[in-house]
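Take a look at the structure below.
The values are calculated or read from the model by the stated rules, or taken from the named source; none is laboratory data. The model shown is predicted, which means the values in this text are computed figures rather than measured ones. FYI the Cβ positions are ideal-geometry reconstructions off the backbone, even for glycines, and counts take in every protein chain you see. Surface areas here come from the heavy atoms of the whole protein model, side chains and all, with no ligands, DNA or RNA. Shrake-Rupley method; radii C 1.70, N 1.55, O 1.52, S 1.80 Å.
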Amino acid sequence: MRPSPLAPAEALESSAGRKETQIVSAARNEFLKRGFGETSMESIARAAGVSKTTLYAYFQSKEALFSHLIESECDEKRMFEPAPMIGCCIDSALRGLGKEFILHFLSQDETKFFQTVSSERLRFPGLCQLYFRTGQNKANEFVAAFLEDAKAQGWLTFGDAHLAANQFLNLILSDLPMRVALGLDLPNEAEAERVMEAGVFVFLSAYRAAPTKSA
């Protein structure tokens, strides 16, 4: 049985979605290659294979396009997958969670975008603030929800889940985000995991729930 053709409105919406994806993909490549300041709307339109009129119909300015890209990047972070199952071992679950963040910061594609944003901090501080608010908030909310679940199961004890989440992230990542932002050499995966393991140990030393005494 042949699939039903799209209604005119649906076909138009589908085409518009593909066009926007085409533009955003081309813009991302241009921003990574040239930086925000040196990228023009004209070069983006040319790379996307659309007219400037079409480009401006989707995004009114370069800032609006870059802001959209930042939000899309933060929405699609591969680290925001289902949190690891706690099961019978909070230690392993926290290591699994920590490894997702480590791999994210060691990904060349991710580091290039992070560096592109941070390099514009003086000329366009609003973009950096947007990236921080969007990305950091999503990461914090994700980890806080995981920690709340662990607390409900009796593995952890703390007062403020969001504060504990922020402490967890700082402990497992150490200076990795700073190294990425400054374009310094990054540790290899084994070294980054060694630091993460130490961070998990310190975190659990502070927040692991005391074992329940048997009657």
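Would you compute, from DSSP H runs of 4+ residues alone, the mean residue ellipticity of the chain at 222 nm, taking -39500 (n - 2.57) per run and dividing by the full residue count, rounded to the nearest 500?
Result for the chain: -21500 deg cm²/dmol, rounded to the nearest 500.
Considering only protein heavy atoms and a probe of 1.4 Å, how much of the accessible area of the range 104-176 is carbon and sulfur, as a whole percent?
Result for the range 104-176: 52 percent of the exposed heavy-atom area is carbon or sulfur.
For a label point 7 angstrom out from the Cα of A181 toward its Cβ, which stretches of the range 96-124 have the backbone nitrogen within less than 13 Å?
114-122
Please name which of A161, F105, L176 has its Cα lying farthest along the dipole of the range 70-215 towards the positive end, using unit charges on Cβ (Lys, Arg +1; Asp, Glu -1) and the Cα centre as origin.
Sorting the options by dipole projection puts first A161.
Run down the aspartates and glutamates and flag those whose C-alpha is under 18 Å from the C-alpha of K99, throwing out any fewer than 8 positions away in its chain.
Within the straight-line limit of under 18 Å, K99 reaches these aspartates and glutamates: E76, E81, D91, D109, E110, E141, D175, E189, E191, E193, E197.
Let me have the relative contact order for the range 67-215, percent, based on Cα pairs under 8 Å that are six or more residues apart.
In percent, rounded to a whole number, it is 29.
Which of rounded, prolate or oblate describes the range 103-151 when judged by the alpha-carbon gyration tensor and an a/c cut-off of 1.5?
oblate
Using alpha-carbon pairs under 8 Å, 6+ residues apart, how would you state the relative contact order of the range 30-122 in percent?
RCO, the range 30-122: 33 percent.
Would the range 125-215 count as rounded, prolate or oblate if I go by the C-alpha gyration tensor, calling it rounded below 1.5 in a/c and otherwise prolate when a/b exceeds b/c, oblate otherwise?
oblate
Roughly how many Å² is the accessible area per residue of the range 81-215, as a whole number, for a 1.4 Å probe?
56
Please return the longest stretch of the chain lacking exposed loop sites, where trypsin sites (Lys or Arg not before Pro) count only if DSSP places them in a loop and at most 12 other Cβ atoms lie within 10 Å.
It runs 124-212.
So, with +1 on the Cβ of K and R and -1 on the Cβ of D and E, and no other charges, what is the size of the charge dipole of the range 52-175 about its Cα centre, to the nearest 20 debye?
Charge dipole, the range 52-175, about its Cα centre: 360 debye, nearest 20.
Hey, which of these cross-link pairs are over 22 Å Cα-Cα: K33/K138; K19/K138; K19/K52; K19/K112?
K33/K138; K19/K138; K19/K112
Can you compute the modelled spin-label distance between S43 and Q136, with each label point 7 Å from Cα toward Cβ, in nm?
Distance between the two pseudo-spin positions: 2.9 nm.
Is any residue of the range 183-210 close enough, with backbone N under 11 Å, to a label point placed 7 angstrom from the Cα of T157 along the Cα-Cβ axis, and if so, which?
207-210
Using a 10 Å Cβ count of at most 14 others and DSSP loop calls, identify the longest part of the chain lacking such GluC sites (Glu not before Pro).
77-215
Just want to confirm a number: the relative contact order over the range 130-170, from Cα pairs under 8 angstrom separated by 6+ residues, in percent.
The value is 40 percent.
Using the Cα atoms of the chain, I'd like the radius of gyration and the largest Cα-Cα distance, Dmax, both in angstrom.
Over the chain's Cα set, Rg and Dmax evaluate to 21.4, 75 Å.
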